[in-house]
Amino acid sequence: MNSLGEYIALIIILACLVLSALSAVLIRGQITTIIVLSVFSVLCAVLFAMLQAVDVAMAEAVIGAGFLTALFVTAADKTRGQGS
Amino acid sequence: MRLDPVLLVVTPLISAFLLSLVKKLTPRLAPSLALGLSVFTLVLSTLLAKEVYINGPVASYLGGWNPRIGISLLADQASVLLVLLVSWGQTLGLVFIASYRGFTHWPGKYLVFSSIFTCSLIGMALTADLFNLFVFIELSTVATIGIMAKPDRPLGSVAGFVYLIVASVSGSLLLIGVVLVYSATGSLSMAVIAQEIHALPPGLYWGILLCFTLSLGMKFGLVPMHFWQPWAYHAAGCTGAALLTAFGMKAYLFAFFRVLWVPLQLPSMAPVFFPVLTLWGLANIILGHTMGLIQKDYKKLLALSSTAHGGYILVAAGLAGSMGTTTAGLFALAAGFFHMLNHSLVKASLLWVGRSFLKQASSSTIDVLKASPLGTGIFVLAALGIVGIPPTGGFASKLFIASSAGTPAPVIIIGLGTLISLAYYLRIYLILRDQTSTPSIVKSNGTSVRELNSLFVPGILAMGVLFIGFSSSIIMPVLLNGAGAMMDSGTYILHVLGDLP
Amino acid sequence: MNPQIPVFITAALVWAIGIYGLIIHRNMIQICVSLSIMESAVIILLVGLAFVPGGSAPILDGHTGPFADPVPHALALTAIVIGAGFLAIALSLTVAMYRKYGTADVKKLFPWDETQ
Amino acid sequence: MNQSYDTSKKIRHLLAGIFTLSLGASLIWLILEATGMPLTPDLGYVMNSVGDTGSINVVTAILMDYRGFDTLGEASVIFTSVAVTAAILAEPVFTLERPILSIITRRAIAYLVPVFFMFPLYVITHGHLSPGGGFQGGVSLAVLVILTHVVFGHNLAMKKIPFSLLTMGEYWAALSFGILGLLGIFTGVGFLANLATGVPRGIPGQLLSGGLIPVLNLIVGIKVAAGLSSLYITLEGNPRRKK
């Protein structure tokens, strides 16, 4: 976090983070929501890597973007049908 | 070498791992093994209590690290009481199930979940580290859902889901509180925080206090956040619900008091919060009892009654805090502990005897409950204990709490609550008396004998209520000791930080 | 330029968004999504706290100079894993309930809200 | 009727928005207040961790040694959630094979799978040297198990990685974590003690260093991998609702 460029990149990531969180909550379709959530997790991981937390970034990447997305997609697949 | 308190946490945890393995390999062995391990935990906790009461508090430094950088546990006169209570609860729960199911094969994973639950409650009582407290609370949440949600109970998963949401919000608030404390004081050890917290600005302090109060309040059913309890107990089934209310709620309350007195240093930082706590407890009493009055479901009624009784304990703590470390203050907190003990015995007894009513009526609606004469007798004894009729422990505990209130308002509300609860327990009694089941006990086919056996443990517990009512003069000095240890944060800090360089 | 303050503001906003989602949603999958967002917010907060201007990640392979505070990182890892466990249970409860009742709408499952 | 319901819903959402925004604002204020405290929370972890534990990665040193008890607790949370999931949902069954990828893709991935497995194994075994550790590696392994399910179909994946193997692996790993912790009790140091029990430290920076930390990383890795993949299998193997 030395240069102005990095700072601006950070601010952009933070803005995207808030936007993706907001759209994950507000969007209606289930699969879309889940994909936006995994984008949110990836952004989180990038943010953590920028903020000197490589271990946490790795964990967030594999858990948030990998494992939980798989679980969410499975659950959404199982609850798709006549009900909503 | 002194007994290491960590063994009390590790034994149930390792037994949970062991039990899931044994259940996979030789399922028939699992119940007896579980009972043996829980009796072992009970023996350990008795030894620890003896050790603590003879030679003073025992600290445990995990990994041998200095408590400033590692995790430490402390067993003092207050926490061993809870450890004893919880390990008795675990053992009695297993005995209760064995009394109607025998020792052959138990379906489900109750053994594993109850072991993990016990481990987390004991951990919450012993830990001297805020983040570790968070971990144990989350562990207890997961175990609670395990006890609650069973595939054969239709609404179990709905209740489990709602409980999960409440617990997640609660956990998030708790974590935020812990993080704020860490960033303000630079430590996670309760003892170190207690020394550093005086430098905090009032706004931040109140924010942290609010985080902890709301978070733990959601867990033990502080009034606006108690809505999940009736559903949870309804879903959990009588055996599990007794674990949740009789022992789980006590552990959350205990952790709450510990957090207030030791790391947050409430008596010196914000003594004005204690009267608020008293008022909140009174609100709990009123609301819990009145909602119980109109409730039509046995288990939900008992859950609301638990909300009310959590209120009594809160009132006692609030009174104790506002009076400080005086004789009267110690007496008030000891009265709260006495009420905890009494409520544990009574609630476990009511829920477990209720199991036979519910089984015979195959419904949990109050109007159709059926009871055998012996069951009715146990119910009456336990109900006397919870309402607070003279020879029982409930009378003594309510009397102690009311007598430590200086003003008449709490006394009036406690009396009012007693009247309301008398009304609804009387209603249940009348229904039970009219709908006495045909004396199935005489028949000697397997099921009725088992029903008769299942009254054994609640019967013992109900007798225990009578017993503690008579022997309150023996029990109170011990509880006064515990209350002293709870309120004296200086000794706590000394014992956690003092032994190491 | 210290990036901590924007990170904290983001964390608080994301937390608020998660709570908002918990309040407004009735679909259980969407509630789980909101839960996940709410849990991430605390992680962001923890990582922001650990940040040290001009420092580096707490891995001592020849670096010198300031390092980020490693304790919040450890706490964050623990919290992430616990959150994952919670979400897995929430999702399996959702699936179990859908199988039983054919809906993932909490409101339809819940008898306590008599108005609807 | 419908109109008024929509309006009330809008009002409710607006109120919820105002409420949560005020919550967020107070949280910001609290954080700024807390970080504004004049204090250096340096407890000497960075200074002493190599000497104390032999681990170069300080986060791993804290997770597996200084605060190893929390890690045990968190591993138990995963253990319990796997058990809860298994109790809620039935035993997984895969009768209907879902459409799997084309033969070329499968062949290509079959050659790549050993390469894929390198990464988690590296992460787990080098937890004390480089970023990562038991958790990250374990979750990556679980994701690989999910990958095999998605690519090769459930029946083949279940044949290659049987469910009972995962369950047993998890139970044994959990049990060995607890028993390894007891080692510290027997030597009189304290539960989950590492170097103080007399385990050789090794030379910091090498693969075999840090006393018990690599062992714990391995155990946690196996446990998390087995637990999370059996979570996925239980969820995926749950039969769809019949119409």
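The values are calculated or read from the model by the stated rules, or taken from the named source; none is laboratory data. Please read these numbers as outputs of a predicted model, since none were measured by experiment. Glycine also receives a Cβ, built like all others from the backbone with ideal geometry; neighbour counts cover every protein chain displayed. In case anyone asks, the SASA skips ligands and DNA or RNA and just uses the protein heavy atoms, side chains included. Shrake-Rupley method; radii C 1.70, N 1.55, O 1.52, S 1.80 Å.
Using R0 = 60 Å, the C-beta based FRET efficiency linking D:Leu112 and B:Thr325 works out to 0.30. Derived scalar couplings between HN and Hα for segment D:61-78 equal 4, 5, 5, 9, 10, 4, 10, x, 5, 4, 5, 4, x, 6, 4, 5, 4, 4 Hz in order, rounded to whole Hz, by the Karplus curve 6.51 cos²θ - 1.76 cosθ + 1.60 (θ = phi - 60°), x for Gly and Pro. Using a ≥ b ≥ c from the Cα gyration tensor of segment A:4-78 (square roots of the eigenvalues), is it rounded, prolate or oblate, where a/c under 1.5 gives rounded and otherwise the larger of a/b and b/c decides, a/b for prolate? Judged from the Cα gyration tensor, segment A:4-78 comes out oblate (a/c at least 1.5, b/c at or above a/b).
Put the Cα centre of segment C:75-109 next to the Cα centre of segment D:146-199 and the gap is 25 Å.
Using the rule -39500 (n - 2.57) for each DSSP H run of four or more residues, divided by the residues of chain B, the 222 nm mean residue ellipticity is -25500 deg cm²/dmol.
Of the heavy-atom accessible surface of segment D:4-82 (probe 1.4 angstrom), what whole percent is carbon and sulfur? About 69 percent, which is the carbon plus sulfur part of the accessible surface. Between the alpha-carbon centres of segment B:384-409 and segment B:84-156 there is a gap of 30 Å.
The mean accessible area for residues of the protein assembly as shown, using a 1.4 Å probe and ignoring ligands and nucleic acids, is 34 Å² per residue. Computed from phi, the 3J(HN,Hα) profile of segment B:14-27 under the Karplus parametrisation 6.51, -1.76, 1.60 (θ = phi - 60°) reads 5, 5, 5, 4, 4, 5, 5, 5, 5, 5, 6, 8, 10, x Hz, with x in place of Gly and Pro. Distance between the pseudo-spin-label points of B:Leu279 and D:Thr95 (7 Å out from Cα toward the beta carbon): 6.2 nm. By accessible area, using a 1.4 Å probe on protein heavy atoms only, segment A:4-78 has 81% of its surface on carbon and sulfur. Using a simple spin-label model with pseudo-atoms 7 Å out from Cα toward Cβ, D:Leu32 and B:Leu29 lie 6.3 nm apart. Computing FRET efficiency as 1/(1 + (r/R0)^6) for A:Ala9 and D:Leu23, where r is the C-beta to C-beta distance and R0 is 41 Å, gives about 0.90.
Each peptide in C:2-8, A:49-55 receives the mean, over its residues, of other Cβ atoms within 10 Å, and ordering these scores from highest gives A:49-55, C:2-8. When the other protein chains are added to the chain by itself, burial of at least 40 square angstrom of heavy-atom accessible area (probe 1.4 Å, ligands and nucleic acids ignored) affects these residues of segment A:4-24: A:Tyr7, A:Leu14, A:Val18. When you work out D = kT/(6 pi eta Rh) for segment C:42-116 at 20 °C and 1.002 mPa s, using the Kirkwood radius from C-alpha pairs as Rh and the Stokes-Einstein form, the result is 134 µm²/s. The phi torsions of segment D:121-134, fed into the Karplus equation with coefficients 6.51, -1.76 and 1.60 and a -60° offset, translate into couplings of 5, 4, 4, 5, 6, 9, x, 8, 10, 9, x, x, x, x Hz, rounded to whole numbers, with Gly and Pro shown as x.
The P(r) of the protein assembly as shown has a tail past 38 Å containing 42 percent of all C-alpha pairs.
Summed over both chains, the contact between C and D buries some 3800 Å² of accessible surface at a probe radius of 1.4 Å. From its DSSP helices (H runs of at least four residues, each -39,500 (n - 2.57)), chain C gives a residue-normalised ellipticity at 222 nm of -23500 deg cm²/dmol.
Panel note: the C-alpha atoms of segment B:209-299, placed on their principal axes, show extents of 44, 24, 17 Å (largest first). For segment B:270-356, relative contact order (Cα pairs under 8 Å, six or more residues apart, normalised by length) works out to 31 percent. Rounded, prolate or oblate for segment B:1-113? Axes are the square roots of the Cα gyration tensor eigenvalues, ordered a ≥ b ≥ c, and the cut-off for rounded is a/c under 1.5. It is prolate, given that a/c is not under 1.5 and a/b is the larger ratio. With 30 Å as the limit on Cα-Cα distance, the pairs of B:Lys109/B:Lys359; B:Lys300/D:Lys10; B:Lys299/D:Lys9; B:Lys24/B:Lys370; A:Lys78/B:Lys24; B:Lys150/B:Lys219 that go past it are B:Lys300/D:Lys10; B:Lys299/D:Lys9; B:Lys24/B:Lys370. Under the criterion of Cα pairs below 8 Å and six or more residues apart, the relative contact order for chain B equals 16 percent. With the contact rule set at Cα under 8 Å and sequence spacing of 6 or more, what percent relative contact order holds for chain C? That works out to 26 percent. A Cα-only calculation for chain D places Rg and Dmax at 23.6, 76 Å.
Shielding value for D:171-178 is 5, the average number of Cβ atoms from other chains within 10 Å of each residue's Cβ. A cut-off of 5 Å between modelled amide H atoms, ignoring neighbours fewer than 5 places along the same chain, links C:Phe67 with C:Ser56. Over all orientations, chain B has a Cα convex hull whose mean projected area works out to 21.8 square nanometres. Working note: Cα atoms of segment D:17-78, range along each principal axis, descending, whole Å: 50, 36, 15. The tail of the calculated P(r) for segment B:271-470, taken as Cα-Cα distances beyond 25 Å, holds 37 percent of the pairs. Buried between A and C is an accessible area of approximately 3900 Å², summed over both sides with a 1.4 Å probe. Association of chains B and D removes close to 4400 square angstrom of accessible area from solvent, both sides included, for a probe radius of 1.4 Å.
For segment D:14-34, state which residues have at least 30 Å² less accessible area in the presence of all protein chains than in their chain by itself, taking the probe as 1.4 Å and leaving out ligands, DNA and RNA. The answer is D:Ala16, D:Thr20, D:Leu23, D:Leu27, D:Ile28, D:Leu30, D:Ile31, D:Leu32, D:Glu33, D:Ala34 - residues whose exposure falls by at least 30 Å² when every protein chain is included. A simple spin-label model places pseudo-atoms 7 Å from Cα toward Cβ; at B:Thr365 and B:Tyr53 they are separated by 4.8 nm. What's the local net charge at B:Val192, with K and R +1, D and E -1, over the other residues with C-beta under 12 Å away? Spelling it out: positives minus negatives among the neighbours equals -1.
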